[in-house]
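The values are calculated or read from the model by the stated rules, or taken from the named source; none is laboratory data. The structure displayed is predicted, hence computed values, not measured ones. Backbone-built Cβ (ideal geometry, glycine too); neighbour counts: all protein chains shown. To get the accessible areas, we keep the full protein, side chains included, count just its heavy atoms, and leave off ligands, DNA and RNA. Shrake-Rupley method; radii C 1.70, N 1.55, O 1.52, S 1.80 Å.
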Amino acid sequence: MLRSTVFLLAAALATSTHAQESVLTVERIMQDPTTWVGAWPSVPFWSEDGETLYFRWNPMGEFAADSLFKVSRAGGKPEHVLPHERRNLGPTFDGWHHGEHVYDATFRRKVYERSGDLYIYDREAHNRVRLTKTRDRESNPHFSPDGETVVFTRDNNLFRLDLTSGAVRQLTDLRAGTEESESEADTQDAYLQEQQTELFEFIREQKEEEDSREEARNVDREAGNPPPTHYLGGSRVQQLRLDPSGRFVTFVLSATPGRSKRTKYMDFVTESGYAEELSARPKVGVSANPPELWVQDLERDSTYQVELHQLPGAYDVPEYQREQGMEVDSAKTKRHLFSFGPFWSSNGRFAVLEVRTRNNKDRWLARLDAESGTLTVLDRQHDEAWIAGPGISWFGGGSDMGWLADDRRFWFQSEASGYSHLYTVDVETGDVTQLTDGAYEVFNPQLSQDGTEWTFMSTQQSPFERQLYSMPVDGKNPVQLTSMPGRTEAVPAPDGDVIAFRHSYTTRPPEIFMQRKQHEPERVTHSQTEEWRSYNWRVPQTVHVEASDGVLVPAHLFVPERSNGGAVLFVHGAGYAQNVHDGWSSYYREYMFHNLLTDLGYTVMQLDFRASSGYGRDWRTAIYRHMGGRDLQDYVDASKYLTATYGIEPERVGIYGGSYGGFITLMALFTEPEHFGAGAALRSVTDWAHYNHTYTSNILNTPETDSLAFARSSPIHFAEGLEDPLLMPHGILDSNVQFQDIVRLAQRLIELGKKNWELAVYPVEGHGFQEPSSWTDEYRRILKLFDEHIGSK
C-alpha cells in the first residue's frame, strides 16, 4: 500500500505541467514489463501422453534462468519444472503428422530428435530409448512404413537405422565440391596426423565414428548396392527426403549466397572500445540463382533434375511488365521457380510439390512422378499482386499443407475465394473441394489422430476475435469450441478432450486456461502485478471510419473525459499485421501510452488500414505498387473523421508509428501536411529501394523492373513537402531498417533547408528496442512533441 501511494503521488507530481493529470508516467510505462505489468506465460505445449501441459512462465521474475512450468490436465496449481526433470522430458506433442511417419502405424511409438541425437518414445509404456549418441548431429527422423527402421539425416546425407540389429546403412552419398583424385599426405603431414591421433581421445573417437561409417559403406559396396555418389559443387543441400518405398531420394540444391551484396552497419558501443562493422541482408533486387530439385532413383542408380518450367504459366509475364510492352519470350521471361517438398503419401503412391515463383505471383500444387520427373498440376493460385494469407507463406519457407488419412486427398489453404480457407484436392483425379467458406480466415488447421476431424482457429465469429473450431474432415458446419471474448491461441490435448489455450483481452495480457469438453474454462495462471492492476485500463471503442472510397475501416478509439483539443493517430508496423482486435496488443507499450495520452486529454485512434491482416486478400493487396497510397489515405480519412466527429482541427492531429508506421508518418507529413500537425516516425523506412528483397519485391516488384512503384512509395522523394514538426528516433544497430535509411533522409532534409525536424539516435538499439532507458527517452520525446505542437495551447 505504501509503495502504491508513493507511486501515485510521484506520478501526479511528474505530470503536473499538463492541464490534466494522470497517475501514469512515461517512465512507469516503459520500464521492464516483467516487473511492472507481470511476466505473462508463453509457448504452451502438451506432453506426448496428454497428461501434462507445459508452458514458459517467469512469475515475478523468480525463474529467469529456468522458466518451464507444468500443470496436470485435471487442473490445479502450476508447478515449476526442476532442471533434472526438464532435461529428461519426453517429446512434446505437436500434431499427428499424417503421412510423415513421425509415428509408427499404430501411433504407439514416436521418433524424435533432441540436441542432435535420436530417441524413440513409447506412448503406452511412457519410456524413451536413445538411438544415437554421436558427435555428429542427426535430424529429421521418421519411421519406415513397416516401423522396423528409422531414416534420418546426418552430414547432409540420409541413413537408415535397423531397430532390431542396430545396423546403420548410408542411403545417399552427396559430397561437396567436384570429383578429384586424392593426393597422398607427405611424410611431414603423415607424422602430424599420427601424433594428433595418439594424443587426443576426441580425434580418436571421431576417427572411429568415420571408420564405422566407411565400414558400412564398404558392406554396401561388397553387396553390390552402394549409394550413388553425387557431387554438389558449391551448392547447399536442402529438403533431403526419402520416399516411403525407399526407392526415391529428393533434394534441393541452392547456390551458396555470396556476400558481396550484403549491407553493412556499425556498432559503436563495444567492449573493446573499437567500432565494429556488422553484416546484414542484401537490398531489394539482388539477383539469385534458382534452387534446383533433384531426384535420385536408388533402384536405377541415376540422379536427375526435375524441370519445374514444364508447369503451365512458367514463362508468363506479370501484368505490370505487359503494360511496359514486355512479351513472352522463353529466353527472356523464364521465371525464377523454386519448390517445397515433395510431400509423400504414407503408402508412397503419390508425391505433391508446392512450386512458387520468386516474384510470388503464382503457386502451383503439382503431382510428381518421381520416376519420370513429370509434373501434373493439381491447383494453381495466381495473383497479380502477391500470394499470401494465413497458412500461405510469403516470407520464405513452405506453406501449411499435408495429407488426409486416406492417402489420396491433400489439404492446403488458398485465398481463391478472397479469404484464406481450407481446401483438399484428390491427387488422383485433380478434383478440388473447398471445406470452409465465408468472409473470415482460417489459422493452423490440425487433423485428429483418426483423421476424421479438423480443429482450427478462425475469425468466423468476428474479425476482432480468434476462436477454436472443430469440423468433420469433409467440411461444412464448423462448431465453435471456445467462446471467451478476446484473443485465443488454442492447443488441444492429443485426444482432443481437453483444450489448453493462451487467452488475452484488451486490458489483460495472456494467461493460460484449460477447458474440458462441455465445461467452462478454468484459469491456470495469474501474472499481473497488483500495482499494474490498480490502474483502470481502458477498453477502446471499436468504430469504423468511412474512407473516401466508401469502405469502412476498423479503428480503436480512446476518448478522454475532457478533450484538450488534440488527437493522436497511431500506425502499426509491418503493414501486414492486425492491431484492432479484442486481445492484448503486441503494441502493449503503445497501448499504455495511449491511456496516458487519453488521461491528458488527447483523443487517440489506431486503424487497421488497408494492408493490415485479418480482412482478406483485397484488403491485404490494396497497397500493391503504391505503399503510401490507399493505406495513407485511410489515415487522411481518419483525420477528417476526427474533425467532423469531435471538432479537432487538422493542425491539432498528430501521427506516429514505428517501422511501417514510421514510413506512413513520413508520407503523411511529406505528402498530406494539411491533415496533420506533427509526427514521430520511429525506425522508419525512408526509401524502399534500400529495404530487403523478400518483403519489398512482393509489394513493389523490384527497382529495376518497376521504378515508378518505388519512386511514388518512398518518402525520401517527397521530403520537400515537410511543413510540420517531425521527430525521427532510430537505433544505430537496426539491421532491418538500417540506420543508413534515416541518415540519408537527414541529409536530404539538410540540403532542402528544412528546419522543424529532429533526429534522435539510440546507439545500442536495433529495430526492436530492448533497454527501458531507450524506450523512456524515445517516448518522452514523443510526448513532448505532441504537448508542444498539438496539445493544449
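Can you tell me how many residues within the stretch 131-140 are open to solvent by 20 Å² or more (accessible area, probe 1.4 Å) and either under 24 Å from S345 (Cα atoms) or among the charged types (D, E, K, R) (or both)?
Taking the stretch 131-140 and keeping what is open to solvent by 20 Å² or more (accessible area, probe 1.4 Å), we get 131, 133-137, 139-140.
Still in the running and either under 24 Å from S345 (Cα atoms) or among the charged types (D, E, K, R) (or both): 133, 135-137, 139-140.
Residues in the stretch 131-140 being open to solvent by 20 Å² or more (accessible area, probe 1.4 Å) and either under 24 Å from S345 (Cα atoms) or among the charged types (D, E, K, R) (or both): 6 in total.
For the structure I just gave you, tell me whether M484 is surrounded by 12 or more Cβ atoms within 10 Å (Cβ to Cβ), modelled with pLDDT of 95 or more and part of a loop (DSSP other than H, G, I, E, B).
Considered against the rule, which asks whether it is surrounded by 12 or more Cβ atoms within 10 Å (Cβ to Cβ), modelled with pLDDT of 95 or more and part of a loop (DSSP other than H, G, I, E, B), M484 comes out as yes.
How many residues does the stretch 277-309 hold that are open to solvent by 40 Å² or more (accessible area, probe 1.4 Å), under 25 Å from the mean Cα position of the chain (by Cα) and aliphatic (A, V, I, L, M)?
2
Name every residue in the stretch 445-469 that is surrounded by 18 or more Cβ atoms within 10 Å (Cβ to Cβ), out of contact with any Lys or Arg (no Cβ under 9 Å at 6 or more places or on another chain) and among the polar types (S, T, N, Q), in order of residue number. Give the steps one after another, and end with the answer.
Going residue by residue through the stretch 445-469, those that are surrounded by 18 or more Cβ atoms within 10 Å (Cβ to Cβ) are 445-448, 454-460, 463-469.
From what's left, out of contact with any Lys or Arg (no Cβ under 9 Å at 6 or more places or on another chain): 445-448, 454-456, 460, 463, 467-469.
If the condition is that a residue be surrounded by 18 or more Cβ atoms within 10 Å (Cβ to Cβ), out of contact with any Lys or Arg (no Cβ under 9 Å at 6 or more places or on another chain) and among the polar types (S, T, N, Q), then Q446, S448, T455, Q460, Q467 are the ones that fit.
Check S639, S659 and return the single one that is crowded, with 24+ Cβ neighbours inside 10 Å and among the polar types (S, T, N, Q).
Every option except S639 fails the conditions.
Anything in the stretch 232-276 that is hydroxyl-bearing (S, T, Y), more than 22 Å from G147 (Cα to Cα) and open to solvent by 50 Å² or more (accessible area, probe 1.4 Å)? List them, or say none.
Listed by number, the residues that qualify are T256, S260, S272, Y274.
Filter the stretch 719-751 down to the residues that are surrounded by fewer than 16 Cβ atoms within 10 Å (Cβ to Cβ) and over 25 Å from T696 (Cβ atoms) and list them by number.
If the condition is that a residue be surrounded by fewer than 16 Cβ atoms within 10 Å (Cβ to Cβ) and over 25 Å from T696 (Cβ atoms), then E723, I750, E751 are the ones that fit.
Just checking, how many residues over the stretch 88-130 are open to solvent by less than 40 Å² (accessible area, probe 1.4 Å), in a loop (DSSP other than H, G, I, E, B) and at negative phi?
Counting residues in the stretch 88-130 that are open to solvent by less than 40 Å² (accessible area, probe 1.4 Å), in a loop (DSSP other than H, G, I, E, B) and at negative phi gives 7.
In the stretch 621-645, which residue that is basic (K, R) and touching a Ser or Thr at 6+ places or on another chain (Cβ under 9 Å) is farthest from A385 (Cα to Cα)?
First pass over the stretch 621-645, keeping only residues basic (K, R): 625, 630, 640.
Add one more test, that the residue is touching a Ser or Thr at 6+ places or on another chain (Cβ under 9 Å), and what stays is 625, 640.
Working: R625: 8, K640: 30 Å.
If we take residues in the stretch 621-645 being basic (K, R) and touching a Ser or Thr at 6+ places or on another chain (Cβ under 9 Å), then K640 is farthest from A385 (Cα to Cα).
Out of the residues in the stretch 361-415 that are acidic (D, E), in a loop (DSSP other than H, G, I, E, B) and surrounded by fewer than 21 Cβ atoms within 10 Å (Cβ to Cβ), which is modelled with the lowest pLDDT?
Narrowing the stretch 361-415 to residues acidic (D, E): 362, 369, 371, 379, 383-384, 400, 406-407, 415.
From what is left, the residues that are in a loop (DSSP other than H, G, I, E, B) are 371, 383-384, 400, 406-407, 415.
Now restrict to residues that are surrounded by fewer than 21 Cβ atoms within 10 Å (Cβ to Cβ): 371, 383-384, 400, 406-407.
Details: E371: 96, D383: 96, E384: 96, D400: 89, D406: 95, D407: 96.
Checking each candidate, the answer is D400.
Keeping to the stretch 406-457, report how many residues are of a type in the set (S, T, N, Q) and within 24 Å of H382 (Cα to Cα). Working first, answer last.
We begin by selecting, within the stretch 406-457, every residue of a type in the set (S, T, N, Q); these are 413-414, 417, 420, 424, 429, 433-434, 436, 444, 446, 448-449, 452, 455.
Keeping just the survivors that are within 24 Å of H382 (Cα to Cα) gives 413-414, 417, 420, 424, 429, 433-434, 436, 444.
Going through the stretch 406-457 one residue at a time, the tally reaches 10.
Which condition breaks for T694 when tested against (1) at pLDDT below 95; (2) more than 28 Å from W619 (Cα to Cα)?
(2)
Filter the stretch 48-69 down to the residues that are out of contact with any strand residue (DSSP E or B) (no Cβ under 7 Å at 6 or more places or on another chain) and not in a loop (DSSP other than H, G, I, E, B), then identify the one that is modelled with the lowest pLDDT.
This residue is M60.
Just to check your reading of the model, which residue among D549, D631 is among the acidic types (D, E) and open to solvent by 30 Å² or more (accessible area, probe 1.4 Å)? It would help to see each step written out before you state the result.
On the way: D631 fails: open to solvent by 30 Å² or more (accessible area, probe 1.4 Å).
On inspection, the qualifying residue turns out to be D549.
Only residues that are open to solvent by 30 Å² or more (accessible area, probe 1.4 Å) and among the hydroxyl-bearing types (S, T, Y): list them for the stretch 662-698, please.
Matches in the stretch 662-698: T671, T694.
Would you tally the residues in the stretch 569-621 being part of a loop (DSSP other than H, G, I, E, B) and of a type in the set (A, V, I, L, M)?
Our first condition is that a residue be part of a loop (DSSP other than H, G, I, E, B); within the stretch 569-621, this holds for 572-587, 600-602, 608-616.
After this cut, where a residue has to be of a type in the set (A, V, I, L, M) as well, the list is 574, 577, 580, 600, 611.
Of the residues in that region, 5 qualify.
Against the definition (of a type outside the set (A, V, I, L, M) and part of a loop (DSSP other than H, G, I, E, B)), how does Q324 come out, yes or no?
Working: of a type outside the set (A, V, I, L, M): yes; part of a loop (DSSP other than H, G, I, E, B): yes.
The answer is yes for Q324.
Only one of S393, S399 is within 30 Å of A611 (Cα to Cα), free of Cβ contacts under 8 Å to residues at least 40 places away in the same chain and not aromatic (F, W, Y); which? Show your work before the answer.
Working: S399 fails: free of Cβ contacts under 8 Å to residues at least 40 places away in the same chain.
Checking each option against the conditions leaves just S393.
Go through the stretch 640-679 and give me each residue that's outside any helix (DSSP H, G or I) and among the aliphatic types (A, V, I, L, M). Full working, then the answer.
Here is the first cut: in the stretch 640-679, the ones outside any helix (DSSP H, G or I) are 647-649, 653-659, 672, 676-679.
Of everything in the stretch 640-679, those that are outside any helix (DSSP H, G or I) and among the aliphatic types (A, V, I, L, M) turn out to be I648, V653, I655, A678.
Return the residue satisfying two criteria in turn: it lies in the stretch 498-520 and is in a loop (DSSP other than H, G, I, E, B) and at pLDDT 95 or above, and of such residues it is most open to solvent (accessible area, probe 1.4 Å). Steps first, answer last, please.
Looking only at the stretch 498-520, we keep the residues that are in a loop (DSSP other than H, G, I, E, B), and these are 506-507, 517-520.
Restricting the remaining residues to those that are at pLDDT 95 or above gives 506-507.
Working: T506: 11, T507: 36 Å².
Filtering first and then ranking leaves T507.
Has the stretch 616-624 got any residue that is out of contact with any Pro (no Cβ under 8 Å at 6 or more places or on another chain), more than 27 Å from W394 (Cβ to Cβ) and of a type in the set (A, V, I, L, M)? Please lay out each step first, then the result.
Filtering the stretch 616-624 for residues out of contact with any Pro (no Cβ under 8 Å at 6 or more places or on another chain) gives 616-624.
Now narrow it down to the ones that are more than 27 Å from W394 (Cβ to Cβ): none.
The answer is no; no qualifying residue exists.
Would you say P312 is open to solvent by 10 Å² or more (accessible area, probe 1.4 Å), over 27 Å from D243 (Cα atoms) and in contact (Cβ under 8 Å) with a residue 24 or more places away in the chain? Reasoning before the result, please.
Numbers: open to solvent by 10 Å² or more (accessible area, probe 1.4 Å): yes; over 27 Å from D243 (Cα atoms): no; in contact (Cβ under 8 Å) with a residue 24 or more places away in the chain: yes.
Judged against the criteria, P312 is not a match.
Every residue in the stretch 438-470 that is out of contact with any strand residue (DSSP E or B) (no Cβ under 9 Å at 6 or more places or on another chain) and closer than 21 Å to V543 by Cα, please.
Those that are out of contact with any strand residue (DSSP E or B) (no Cβ under 9 Å at 6 or more places or on another chain) and closer than 21 Å to V543 by Cα: A439, S462.
Which pairs turn up if I take residues in the stretch 638-667 that are hydrophobic (A, V, I, L, M, F, W, C) and look for partners that are assigned to a helix (DSSP H, G or I) and open to solvent by 50 Å² or more (accessible area, probe 1.4 Å) with beta carbon separation below 8 Å, at least 6 apart in sequence or on another chain?
M667/F718
Name the residues in the stretch 343-360 that are open to solvent by 20 Å² or more (accessible area, probe 1.4 Å) and either assigned to a strand (DSSP E or B) or closer than 30 Å to L700 by Cβ (or both), would you?
F343, W344, R358, N359
Y419 fails exactly one of the following numbered conditions: (1) assigned to a loop (DSSP other than H, G, I, E, B); (2) more than 15 Å from G616 (Cβ to Cβ); (3) not β-branched (V, I, T). What is the number of that condition?
(2)
Out of the residues in the stretch 752-789 meeting the condition of being β-branched (V, I, T) and open to solvent by 60 Å² or more (accessible area, probe 1.4 Å), tell me which one is farthest from the chain's Cα centre (by Cα). Explain how you work it out, then say what you get.
If we filter the stretch 752-789 for residues that are β-branched (V, I, T), which is where we start, we get 761, 764, 776, 782.
Restricting the remaining residues to those that are open to solvent by 60 Å² or more (accessible area, probe 1.4 Å) gives 761, 764.
On the way: V761: 28, V764: 25 Å.
Checking each candidate, the answer is V761.
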